[in-house]
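Student: Quick one: this structure, given as structure tokens, is what I'll be asking you about.
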């Protein structure tokens with residue numbers, strides 16, 4: 001999220017929005033105007049944070065290479081986000097390798113399955129690799145977003161949550 005502070009000039013306000021600012025504060029600033037803007041932005045900020053939030057979770061994962069060998073690796077997850085998953089494995093996979101990954105997050109009965117691409121492999125960090133999800137079913141994506149949203153709320157300070165209640169009192173709810 002980006003914020004800009006401008007003069008009251010309408011052309012300047014339009015220019016900063018066109019340049020990519022999500023919200024514009026207009027001078028002179030007041031506690032009320034800043035509070036209103038931040039309140040309006042809060043849900044988007046939490047949603048953006050959730051998108052990149054990596055929730056630490058340790059569950060087993062199965063990785064199947066899309067190469068002709070179709071080798072299957074067993075691993076342990078390190079963390080999961082909306083964009084992908086970090087997994088430790090005993091066998092390295094080259095960045096760019098296309099794989100499918102299968103794992104279950106706590107509290108869910110059905111396993112997630114996603115076509116993925118190896119973004120990096122780090123031998124020094126306990127043989128960890130990062131898989132970027134290329135395709136995740138809409139249902140799995142929605143379930144993962146909800147689960148990550150709840151996990152993020154668990155780590156947000158109550159003082160932050162209490163300042164910006166939305167609908168049911170929880171931030172970032174759609």
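Student: At 0.36 nm per residue, minus the direct Cα-Cα distance, what do residue 52 and residue 15 gain on full extension? Give it in nm, one decimal, please.
Tutor: So the chain would gain 10.5 nm between residue 52 and residue 15.
Student: Using every Cα-Cα pair within segment 3-52, state what percent have a distance larger than 18 Å.
Tutor: Result: 37 percent of Cα pairs exceed 18 Å.
Student: By how many nm would the segment from residue 66 to residue 36 lengthen if fully extended, with 0.36 nm per residue of separation less the alpha-carbon distance?
Tutor: Gain on stretching residue 66 to residue 36: 5.8 nm.
Student: Provide the packing ranking of 128-136, 71-79, i.e. peptides ordered by the mean count of other C-beta atoms within 10 Å per residue, highest first.
Tutor: 128-136, 71-79
Student: Would segment 64-149 count as rounded, prolate or oblate if I go by the C-alpha gyration tensor, calling it rounded below 1.5 in a/c and otherwise prolate when a/b exceeds b/c, oblate otherwise?
Tutor: Cα axes put segment 64-149 in the prolate bin.
Student: By average Cβ neighbour count within 10 Å, what is the ranking of 143-149, 99-105, 34-40, 55-61 from highest down?
Tutor: Descending packing order for the listed peptides: 99-105, 143-149, 55-61, 34-40.
Student: Using a basic spin-label model with each label point 7 Å from the Cα along Cα→Cβ, how many nm lie between residue 132 and residue 59?
Tutor: About 2.4 nm separates the two model spin labels.
Computed from the coordinates by the stated procedures, all read-outs in this text should not be read as laboratory data. Bear in mind the structure is a predicted one, so any value in this text is a computation, not a measurement. Cβ sites come from the backbone with ideal geometry, for glycine too, and all protein chains shown count toward neighbours.
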